Amino acid sequence: LCFSALPALFKEELRDEEAKEGEAVTLHCELTKPAPVEWRKGHTALKPSEKYKMRQKDVTAELVIHSLTESDA
């Protein structure tokens with residue numbers, strides 16, 4: 001017996017969010033099944049830091065960006 005597991009897909013994709021410079025914003029997405037999420041800006045993978053906080057519980061992943069600047073758009 002041979003089968004391949006279906007990949008995790010986005011059930012709820014990211015939406016554009018508006019926030020003011022210096023504030024924080026929270027982005028979240030929902031997957032069809034639990035899977036690791038890697039947050040990226042362009043080709044660069046984001047790492048947890050004072051600026052970026054990542055949380056994931058089951059099928060929901062969240063990215064909080066603190067101290068927004070124009071370059072975060």
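The values are calculated or read from the model by the stated rules, or taken from the named source; none is laboratory data. The shown structure was predicted, so the numbers you read here are calculated from the model rather than taken from an experiment. As a convention, Cβ positions derive from the backbone with ideal geometry for all residues, glycine included, and neighbour counts pool all protein chains shown. Ligands, DNA and RNA are excluded from the accessible area calculation, which covers all protein heavy atoms including side chains. Shrake-Rupley method; radii C 1.70, N 1.55, O 1.52, S 1.80 Å.
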For a quick check of your reading of the model, give me the residue pairs whose first member lies in the stretch 12-30 and is among the charged types (D, E, K, R), whose second is surrounded by fewer than 10 Cβ atoms within 10 Å (Cβ to Cβ), with beta-carbon atoms closer than 7 Å and at least 6 apart or on different chains.
E21/E70
Would you confirm whether or not the stretch 16-27 contains a residue that is open to solvent by 100 Å² or more (accessible area, probe 1.4 Å), closer than 27 Å to E70 by Cβ and touching a helix residue (DSSP H, G or I) at 6+ places or on another chain (Cβ under 7 Å)?
yes
The chain: strands (runs of 3 or more DSSP E) wholly inside it with 3 or more residues that are at pLDDT below 90 and within 14 Å of the chain's Cα centre (by Cα) are 10-12
Restricting attention to the stretch 48-59, which residues are in contact with a His (Cβ under 8 Å, 6 or more places away or on another chain) and open to solvent by 60 Å² or more (accessible area, probe 1.4 Å)?
E50, K53
